[in-house]
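The values are calculated or read from the model by the stated rules, or taken from the named source; none is laboratory data. Remember, predicted model here, so these are calculated numbers, not experimental data. All Cβ positions, even for glycine, are placed from backbone atoms using ideal geometry, and neighbour counts span all protein chains on display. Calculation scope for accessible area: heavy atoms of the full protein, side chains included, ligands and nucleic acids excluded. Shrake-Rupley method; radii C 1.70, N 1.55, O 1.52, S 1.80 Å.
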Amino acid sequence: MDRQTISRLAHAHHPIAAPLSDEAVATLLERALGPEEEGRVLDLGCGQGAWLLRALAARPRRRAVGVDLDAGALTRARESAEAAGVQRQLGLHHLDAREFTDREPFDLVLNVGATHAFGGLLPTLAAAREHLAPGGRVLVGEGFWEREPSSAALGGLGAAREEYADLATTVDRVVAAGWTPVFGHVSSPAEWDAYEFSWTGSLAAWALDHPGHPDAADARAAADLHRTEWLHGYRGTLGFVTLLLRRD
């Protein structure tokens, strides 16, 4: 089973692909959108479009664009947009986020939990800068080390572990790159646990509900491995911060 399908199934009950509660998402998005009723929003790595759909629900006169490599997730996003009656305000592109271009800038650019698409946090911010209108905002979510990671924590996170630092260093790097944090949210242990139990549980439940599917065994194995790496590895060690940024 490919990574995109696993992610789509795992996020069936937690469409925000990050350890954030509904309340935290609502607060972050309200601050990110600002008071303006009109404007353009871009999500570089939009998945099923959860952030964009919420943005359009909060600001019906906005226009939104999402970019993702997962065709199945984009199909879900289109279906959700049609059900919400906002399909005319939403444009979706099946494309590598690094290749996306547009003639007009965006007032808000998002990348929450998908900085791997650009090779890390700072390359993501550099890409976002190219799409941002003067006075615009960037909402970015990234992992960081809550404490010195053990070998088990490092082993469970693969290449991503090389990008992480502690929270202070992470924010310092952002500031040094020419950005000013104007708001932020550090995910709580409860948000992390809810997210991970939902991720592994949704994937395992799909495998149990489809015992005859050729991918059922792979889905169950992926859920079991992820649960082990979380509970015996990075739980309590890996943090997640979502930053609202403006350019200096």
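Around the Cα centre of the chain, unit charges on the Cβ atoms of Lys, Arg, Asp and Glu (plus for the first two, minus for the last two) sum to a dipole of about 520 debye. A cut-off of 5 Å between modelled amide H atoms, ignoring neighbours fewer than 5 places along the same chain, links V112 with G141. Each residue was assigned an accessible area with a 1.4 Å probe, and for D70 the value is about 20 Å². Antiparallel as a % of all DSSP beta bridges within the chain, to the nearest 5? The answer is about 45 percent antiparallel. Of all the options S198, S80, S151, the one that moves most in a Gaussian network model of the chain with Cα springs shorter than 10 angstrom is S151. With equal scatterers on the alpha carbons only and no solvent term, can you work out the Debye log10 of I(q)/I(0) for the range 94-139 at 0.21, 0.23, 0.26, 0.28 1/Å? Ignoring solvent entirely, the Cα scatterers give -0.68, -0.81, -1.02, -1.14. Per-residue SASA remark: T27, around 60 Å² accessible (1.4 Å probe; ligands, DNA and RNA not included).
Highest mean first, the peptides 41-50, 238-247 sorted by other C-beta atoms within 10 Å per residue fall in the order 41-50, 238-247.
Taking every C-alpha pair closer than 8 Å and separated by at least 6 residues, the mean separation divided by the residue count of the chain gives a relative contact order of 24 percent. Relative contact order, percent, of the range 45-192 when contacts are C-alpha pairs under 8 Å separated by at least 6 residues? This gives 17 percent for the range 45-192. Packing, taken as the mean count of other beta carbons within 10 Å per residue, orders the peptides 59-69, 170-180 from highest to lowest as 59-69, 170-180.
With viscosity 1.002 mPa s and temperature 20 °C, the Kirkwood radius over alpha carbon pairs of the chain converts through Stokes-Einstein to a diffusion coefficient of 116 µm²/s. Here the range 5-63 is treated with +1 on each Lys and Arg Cβ and -1 on each Asp and Glu Cβ, and its dipole about the Cα centre works out to around 220 debye.
Were the residues from R31 through E130 laid out at 0.36 nm apart, the gain over their Cα-Cα distance would be 33.5 nm. Per q in 0.11, 0.14, 0.15 1/Å, what log10 I(q)/I(0) does a Debye calculation on the alpha-carbon atoms of the range 167-248 return? Calculated log10 I(q)/I(0) at the listed q: -0.47, -0.64, -0.69. Semi-axes of the equivalent ellipsoid of the range 111-213 are 30, 18, 14 Å, computed as sqrt(5λ) over the eigenvalues of the C-alpha gyration tensor in descending order. When the surface is traced with a 1.4 Å probe over the full set of protein chains, S7 keeps roughly 50 Å² accessible. Rounded to the nearest 500, what is the chain's calculated 222 nm mean residue ellipticity when only DSSP H runs of at least 4 contribute -39500 (n - 2.57) each, over all residues? About -13000 deg cm²/dmol.
Here the range 1-125 has an Rg and Dmax of 13.6, 43 Å, counting Cα atoms alone. Distance from the alpha carbon centroid of the range 79-130 to that of the range 201-228 works out to 30 angstrom. Taking label points 7 Å from Cα along the Cα-to-Cβ direction, L95 and A83 give a separation of 2.7 nm. Structure remark: mean-square fluctuation, Gaussian network model of the chain, C-alpha springs under 10 Å; the largest value among P123, P35, P105 belongs to P35.
Normalised Debye scattering of the range 122-181 at q = 0.14, 0.18, 0.21, 0.22 Å⁻¹ gives log10 I(q)/I(0) of -0.48, -0.71, -0.88, -0.93, counting only Cα atoms as equal scatterers and leaving out solvent.
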